[in-house]
Amino acid sequence: MDNERANEFAVRECASQMIFSVFFRAYKPVIAILIAASMPGCASYYSHFAMFPAENSSGESRQVRLSWQSAEYPGWWFARNEATSVKVETQCSDRVWRVRDGDDADAGSCSTGIRACGESGMDLVARTGKPATESTRCMAIKAEDPGARIPDVGGKLELLVSCTPAVVTEGSGDESRNLDYIRASSVPYTVYVRKAPRGAMHARPPEFDEMACDAE
């Protein structure tokens, strides 16, 4: 019963906020923006993550982890759903990719849709072996959809990897860093994603087995 009352209160509070903000949107646009920014109560927050096996560019068997956060609003709310960039990590590697969509100011201009651009001196175009630049799309989710947004990604996605590392390791001894990452492929990786309310016990992405890295 307590949960039902709490949910009812949340809905009423959210509806009141919507009416209040719509009023100010009509008469005071600047105030409306400030109000909207201070009303997180209408959103539901989620963690999204996936772990799957793949080879890195050196042909070594690795686990690859994808993770991001999202905020989802009711259909009647004026704000669009939002999400962070998708973090792509490869087991035993220090290289972390951030795949972003067009809503992200840091998305870069290498393509449209959900993508990650290359870095000069760090990446090569897998198909040609030529150096990749900030104008090269190295990773993409829903590569064929130029209007794709991360908040719309469901429980299954396709990750296309088009680049390979220019340098696999950097430094030596204790200062050595592994820069390898998931192997490029002309066929996208099919990835199944888990979604959980943020803060829930099962909302944390699985950890990498670092012992596998120490053994090599």
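The values are calculated or read from the model by the stated rules, or taken from the named source; none is laboratory data. Quantities reported herein were computed from a predicted structural model and do not represent experimental measurements. Note that we place each Cβ from the backbone using ideal geometry, even for glycine, and neighbour counts take in every protein chain shown. Heads up: the accessible areas ignore ligands, DNA and RNA and are worked out on the full protein's heavy atoms, side chains in. Shrake-Rupley method; radii C 1.70, N 1.55, O 1.52, S 1.80 Å.
Here are a few things to note about the model shown:
- Picking from residues in region 90-114 that are open to solvent by less than 20 Å² (accessible area, probe 1.4 Å) and either within 12 Å of the chain's Cα centre (by Cα) or acidic (Asp, Glu) (or both), the one that is nearest to Ala143 (Cα to Cα) is Ile114.
- Criterion: assigned to a loop (DSSP other than H, G, I, E, B), open to solvent by less than 20 Å² (accessible area, probe 1.4 Å) and more than 17 Å from Ala50 (Cβ to Cβ) - qualifying residue of Asp180, Asp145: Asp180
- In region 73-88, the residues that are within 20 Å of Lys142 (Cα to Cα), open to solvent by 30 Å² or more (accessible area, probe 1.4 Å) and in contact with a strand residue (DSSP E or B) (Cβ under 9 Å, 6 or more places away or on another chain): Asn81, Glu82, Ala83, Thr84, Lys87
- Lone unmet requirement of (1) basic (Lys, Arg); (2) farther than 12 Å from Cys163 by Cβ; (3) touching a Lys or Arg at 6+ places or on another chain (Cβ under 8 Å) for Lys142: (3)
- If you check Ser44, Ser70 for being of a type in the set (S, T, N, Q) and over 21 Å from Glu158 (Cβ atoms), only one passes: Ser44.
- Output for region 70-129, where each listed residue is without any contact (Cβ under 8 Å) to a residue 40 or more places away in the chain, of a type in the set (Val, Ile, Thr) and part of a loop (DSSP other than H, G, I, E, B): Thr112, Thr128
- Qualifying residue in region 124-138 (condition: at pLDDT 95 or above and within 13 Å of the chain's Cα centre (by Cα)): no
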